[in-house]
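Novice: Just dropping this structure here.
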Amino acid sequence: MTAHTEQNHFENALARLRRIGTTTGISAEVIDELSRPMAILEATLRVRMDDGSTRHFPAYRCRYNDALGPTKGGIRFHPGVDAYEVTALALWMTLKCAVVEIPYGGGKGGVTLDPKELSHLELERLSRQYIRAMADFIGPDTDIPAPDVNTNARIMGWMADEYETIKRTKAPAVITGKPIILGGSQGRDEATGRGAFIVIQKLAEKKSLKPKQTTVAVQGFGNAGSYTARLLADEGYKVVAVSDSKGGIYRKDGFDIESVYREKQDSRELKGVYCRDSVCELIDHDTISNEELLELDVDILVPAALGGVITEGNAAKIKAGNIVEVANGPILSEVDDELAGRGVTVVPDILANAGGVTVSYFEWAQNRQGYSWTLESVRARLQATLTTAFDAVWKIAEEETLPLRDAAYARALRRIGETIETRGTKKYFNGKS
Ligand code: GLU
């Protein structure tokens, strides 16, 4: 099935879980319970290509833990997807939902492919095929998928439609991140970026960073990275570098990110552009690689692309004082201690990118109510949810002298631990409590 080295994704996630479990006093029973997934479904998607040929794609869905509610998490389309990566991401979803106190467990799905090689029609067939394979494994009360890397609202729409066709009923709450007209929520598209922005604002407040004097580098210009960069620039932060999978751009005085965004939408290329009304001009900028972006001397580094980008190979070269993990798992657990030792503040993924799943929860709640909320209401609730979570994590970090990641894990694990204790532990059944 999968090469040995790729097991590292999940092993890495477990190593961190066990380390933090020990330092924060979580019981061995809870850590043991969280050390393996509840269920994984692995399938082969047989898809008809436009030229009449057939291709086969490995597909996965992992339901990691449902102690706090139905499992929840995105579906990614990427060549790097394998069972171990999906499982690690599903474990992180379990912790993420617990940190922000939404009534879900964690899950994740994926298909191993490069979606850029597929036509729109092939992509639609593949998306529908995924649901045909998974229809009995997911459901509005059991496991609720959503977008992740390389998947979007249109794909969620196809998937919801396929599920409803198979089940012969309307079931919009089976999947979130849908187009608004098909039961999606206002504000879901921007939610991960807005969540990251809320968290960065909180961090800036705690560290007395003034937006205009604060430099930021954002790796990744997909949904999460581009919204984060735009909201930060709009607030006055100096976004000095951004990148996409092809490379990055740097400018000491910062970019007009809205113009860069529009240019990228039109030309599909990242360029240092400034626009006034309809007149755009190319401004002086340097091109940099994704690796160089990570090593820039900025106040806040925002890895918002893929996992595993900060490793033993480059951790010593990271100069940013603060790292906000908008991607899932950008920092490998083996460098947690090194970064903490150097005084780098890391806002962990399970808090920094929880805005997406939080608004997914709002979408699911609206679908079940049959009643849509306004954008203002969604934004206000997102702000409240993340502010509460951030403040609680910050308090644990201060009171127990822990890095923010350990504090976020402690909050999540204590919550999940309570469900396990309520159901009965070894101590209880031995009549000792
Ligand atoms: N894929 C996103 C994440 O990693 C969102 C998941 C969801 O909305 O369920 O958090």
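The values are calculated or read from the model by the stated rules, or taken from the named source; none is laboratory data. Given the structure is predicted, the values throughout are model-derived calculations rather than measurements. Methodologically, a virtual Cβ is constructed for each residue, glycine included, from the backbone with ideal geometry; neighbour enumeration extends over all protein chains shown. The protein model used for the area step is the full one, side chains on, heavy atoms only, and it has no ligands, DNA or RNA in it. Shrake-Rupley method; radii C 1.70, N 1.55, O 1.52, S 1.80 Å.
Novice: When you scan region 330-356, how many residues do you find that are open to solvent by 10 Å² or more (accessible area, probe 1.4 Å) and more than 19 Å from ALA397 (Cβ to Cβ)?
Specialist: Of the residues in region 330-356, 2 are open to solvent by 10 Å² or more (accessible area, probe 1.4 Å) and more than 19 Å from ALA397 (Cβ to Cβ).
Novice: Would you check which residues across region 307-329 are open to solvent by less than 10 Å² (accessible area, probe 1.4 Å) and without any contact (Cβ under 8 Å) to a residue 60 or more places away in the chain and list them?
Specialist: Scanning region 307-329 gives ILE310, ALA315, ILE318, ILE323, GLU325.
Novice: Being in contact with a Phe, Trp or Tyr (Cβ under 7 Å, 6 or more places away or on another chain) and open to solvent by 10 Å² or more (accessible area, probe 1.4 Å) is the requirement here; does ARG381 meet it?
Specialist: yes
Novice: Among the residues of region 85-97, is any among the β-branched types (Val, Ile, Thr) and farther than 26 Å from ALA392 by Cα?
Specialist: yes
Novice: All but one of (1) in contact (Cβ under 8 Å) with a residue 12 or more places away in the chain; (2) more than 14 Å from the ligand (Cβ to nearest atom); (3) open to solvent by 10 Å² or more (accessible area, probe 1.4 Å); (4) not hydroxyl-bearing (Ser, Thr, Tyr) hold for VAL393; which doesn't?
Specialist: (3)
Novice: Being away from the ligand (no atom under 12 Å from the Cβ) and assigned to a loop (DSSP other than H, G, I, E, B) is the filter here, so list the residues in region 139-153 that pass it.
Specialist: PRO140, ASP141, THR142, listed by residue number.
Novice: Restricting region 154-180 to residues that are open to solvent by 30 Å² or more (accessible area, probe 1.4 Å) and either part of a loop (DSSP other than H, G, I, E, B) or in contact with a Gly (Cβ under 6 Å, 6 or more places away or on another chain) (or both), which is farthest from the ligand (Cβ to nearest atom)?
Specialist: ARG168
Novice: Hey, ILE198 hits all of (1) within 16 Å of the ligand (Cβ to nearest atom); (2) under 19 Å from LYS72 (Cα atoms) but one; which does it fall short on?
Specialist: (2)
Novice: Right, something else. Of all residues in region 401-423, count the ones that are of a type outside the set (Gly, Ala, Ser) and either in a loop (DSSP other than H, G, I, E, B) or closer than 17 Å to TYR64 by Cβ (or both). Steps first, answer last, please.
Specialist: Residues of region 401-423 that are of a type outside the set (Gly, Ala, Ser), as a first pass: 401-406, 409, 411, 413-416, 418-423.
Then keep just the ones that are either in a loop (DSSP other than H, G, I, E, B) or closer than 17 Å to TYR64 by Cβ (or both); that gives 401-403, 409, 413, 415-416, 419-420.
Going through region 401-423 one residue at a time, the tally reaches 9.
Novice: While we're here: Where in region 1-113 are there helices (runs of 4 or more DSSP H), lying fully within it, with 1 or more residues that are within 16 Å of the chain's Cα centre (by Cα) and within 16 Å of the ligand (Cβ to nearest atom)?
Specialist: Those helices (runs of 4 or more DSSP H) span 8-23, 83-99.
Novice: Could you list, in sequence order, the residues of region 259-301 that are out of contact with any strand residue (DSSP E or B) (no Cβ under 7 Å at 6 or more places or on another chain), modelled with pLDDT of 95 or more and among the acidic types (Asp, Glu)?
Specialist: GLU291, GLU292, GLU295, ASP297, listed by residue number.
Novice: May I ask you to verify whether ILE131 is touching a residue at least 24 places away in the same chain (Cβ under 8 Å), open to solvent by less than 10 Å² (accessible area, probe 1.4 Å) and in contact with a strand residue (DSSP E or B) (Cβ under 9 Å, 6 or more places away or on another chain)? Walk me through it before giving the result.
Specialist: Details: touching a residue at least 24 places away in the same chain (Cβ under 8 Å): yes; open to solvent by less than 10 Å² (accessible area, probe 1.4 Å): yes; in contact with a strand residue (DSSP E or B) (Cβ under 9 Å, 6 or more places away or on another chain): no.
Here the answer is no, as ILE131 does not meet what is asked.
Novice: Determine if region 17-33 includes at least one residue that is of a type outside the set (S, T, N, Q) and touching a Pro at 6+ places or on another chain (Cβ under 8 Å).
Specialist: No: region 17-33 contains no residue that is of a type outside the set (S, T, N, Q) and touching a Pro at 6+ places or on another chain (Cβ under 8 Å).
Novice: I would also like to ask the following. Anything in region 182-196 that is without any contact (Cβ under 8 Å) to a residue 60 or more places away in the chain and either open to solvent by less than 20 Å² (accessible area, probe 1.4 Å) or in contact with a Leu (Cβ under 9 Å, 6 or more places away or on another chain) (or both)? List them, or say none.
Specialist: Across region 182-196, the qualifying residue is only GLU190.
Novice: Further question: Which of the residues spanning region 332-388 are within 16 Å of the ligand (Cβ to nearest atom) and of a type in the set (S, T, N, Q)?
Specialist: Those that are within 16 Å of the ligand (Cβ to nearest atom) and of a type in the set (S, T, N, Q): ASN353, THR358, SER360, GLN366, ASN367, THR385.
Novice: Identify all residues within region 114-126 that are away from the ligand (no atom under 16 Å from the Cβ), surrounded by fewer than 22 Cβ atoms within 10 Å (Cβ to Cβ) and assigned to a helix (DSSP H, G or I); write none if there are none.
Specialist: Going residue by residue through region 114-126, those that are away from the ligand (no atom under 16 Å from the Cβ) are 114, 116-126.
Filter once more, so that each one left must be surrounded by fewer than 22 Cβ atoms within 10 Å (Cβ to Cβ): 114, 116-125.
Within region 114-126, LYS116, GLU117, HIS120, LEU121, GLU122, LEU123, GLU124, ARG125 meet the criteria.
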